[in-house]
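The values are calculated or read from the model by the stated rules, or taken from the named source; none is laboratory data. Bear in mind the structure is a predicted one, so any value in this text is a computation, not a measurement. Positions of Cβ are generated from backbone atoms using ideal geometry, with glycine treated the same way; all protein chains shown enter the neighbour counts.
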4 protein chains.
Amino acid sequence: MKALAEIQVVPIGSGVSVRKEVMRAHELIAESGLEVQLHSYGTNVEGEMSQIFKAIATVHETLHSEGTVRLMTSIKIGTRTDKESSLAGKLFKTE
Amino acid sequence: MKALAEIQVVPIGSGVSVRKEVMRAHELIAESGLEVQLHSYGTNVEGEMSQIFKAIATVHETLHSEGTVRLMTSIKIGTRTDKESSLAGKLFKTE
Amino acid sequence: MKALAEIQVVPIGSGVSVRKEVMRAHELIAESGLEVQLHSYGTNVEGEMSQIFKAIATVHETLHSEGTVRLMTSIKIGTRTDKESSLAGKLFKTE
Amino acid sequence: MKALAEIQVVPIGSGVSVRKEVMRAHELIAESGLEVQLHSYGTNVEGEMSQIFKAIATVHETLHSEGTVRLMTSIKIGTRTDKESSLAGKLFKTE
């Protein structure tokens with residue numbers, strides 16, 4: 001099932017600056033093969049729902065294994081049956 | 001990986017009242033075997049991250065197959081390596 | 001304008017346990033006069049939109065003045081013109 | 001109090017395509033004088049917290065007056081006391 005999503009990973013207790021963890025999360029999502037768009041409040045992605053969830057699980061597993069103790073991720077994920085949707089179409093036509 | 005999450009399923013274009021779809025989503029999440037708590041803005045769940053994502057995929061697949069054309073789900077999901085966390089502990093001790 | 005909302009306050013860089021700040025935020029929201037319901041992933045509130053936003057601003061101002069360096073708050077806020085909605089009605093009838 | 005925020009306005013019951021309402025919401029936010037960045041999952045803004053909340057209230061009031069019956073808006077809003085933050089800095093340095 002094709003989906004569009006927004007993923008925002010927040011490390012809690014890793015210090016006031018979360019730069020390192022947020023960039024690492026974005027990098028891991030980009031490496032997953034999903035189409036990605038980084039913005040100031042997260043990473044937008046386009047792909048199969050299962051692949052999106054797998055990428056998020058990889059982010060949590062990897063960041064924890066690299067020392068981050070606590071993570072909270074906010075996700076918005078949308079699916080529709082009436083047409084193919086894409087990040088580009090959502091941005092320019094905002095349907 | 002054990003996780004706590006909040007799941008809010010919003011049908012778009014199914015009418016101003018979303019009662020039927022939201023209750024169906026909650027029912028499907030409860031049937032998944034996760035520990036669940038329904039509140040006014042979603043369903044809180046406790047379980048394995050993979051099981052939580054599987055339940056959400058089931059909600060989208062089932063509601064689409066039952067006629068809902070468009071769905072947007074908001075998820076907050078948290079994991080930590082320093083201790084076991086639970087919905088009950090989060091509520092009463094809010095750690 | 002009457003609104004229902006969910007407010008989740010997350011201190012960033014205050015340590016892995018966020019218990020103290022989250023309980024303080026909930027307390028400040030409750031003291032604002034809004035009708036409140038605490039759950040494992042935030043505080044649901046019912047009241048005027050302007051009053052809800054004022055309560056959130058008070059949480060940020062107060063926690064910062066009490067020493068929290070960084071805060072990120074997630075809010076979902078809903079309004080409708082067809083009927084009066086309430087937290088209780090949303091929970092039991094989920095409309 | 002300076003804040004960075006993400007605003008996503010979702011009309012419920014206005015049809016499967018929400019293009020018209022979402023573009024109108026973005027337009028109203030842009031007209032508020034806040035610095036704005038449109039992306040596929042919302043509008044990121046930079047400005048005073050009070051001004052951000054006022055813009056969101058204007059979106060709800062205006063869309064309701066123009067016929068939208070039900071709206072749910074998701075907001076993430078962040079403040080910090082250790083430094084000035086900006087949308088541009090958040091994007092490029094992701095701190």
*Within segment D:58-75, identify whether any single residue is touching a Leu at 6+ places or on another chain (Cβ under 6 Å), in contact (Cβ under 8 Å) with a residue 24 or more places away in the chain and among the acidic types (Asp, Glu), and answer yes or no.*
no
_Can you go through B:GLU27, B:GLU46, B:GLU6 and tell me which one is modelled with pLDDT of 95 or more, of a type in the set (Asp, Glu) and over 24 Å from A:VAL9 (Cβ atoms)?_
B:GLU27
_If I filter segment C:69-95 down to residues being surrounded by 17 or more Cβ atoms within 10 Å (Cβ to Cβ) and among the aliphatic types (A, V, I, L, M), which single residue comes out as farthest from C:SER14 (Cα to Cα)?_
C:LEU87
*Quickly run through segment B:45-68 and pick out the residues that are more than 12 Å from the chain's Cα centre (by Cα), buried (at least 23 other Cβ atoms within 10 Å of the Cβ) and part of a strand (DSSP E or B).*
none
*Restricting to segment A:4-33, what's the tally of residues that are surrounded by fewer than 21 Cβ atoms within 10 Å (Cβ to Cβ), touching a helix residue (DSSP H, G or I) at 6+ places or on another chain (Cβ under 6 Å) and farther than 23 Å from A:GLY67 by Cβ?*
0
*Among the numbered criteria (1) on the phi > 0 side of the Ramachandran plot; (2) facing another protein chain (nearest Cβ under 7 Å), which single criterion is violated by D:SER17?*
(1)
*Scan segment D:41-67 residue by residue and report those that are within 8 Å of chain C (Cβ to nearest Cβ) and closer than 20 Å to B:MET72 by Cβ.*
D:ILE56, D:HIS60
_Selected residue [part of a strand (DSSP E or B) and within 14 Å of chain C (Cβ to nearest Cβ)] from A:LEU71, A:LEU38_ = A:LEU71
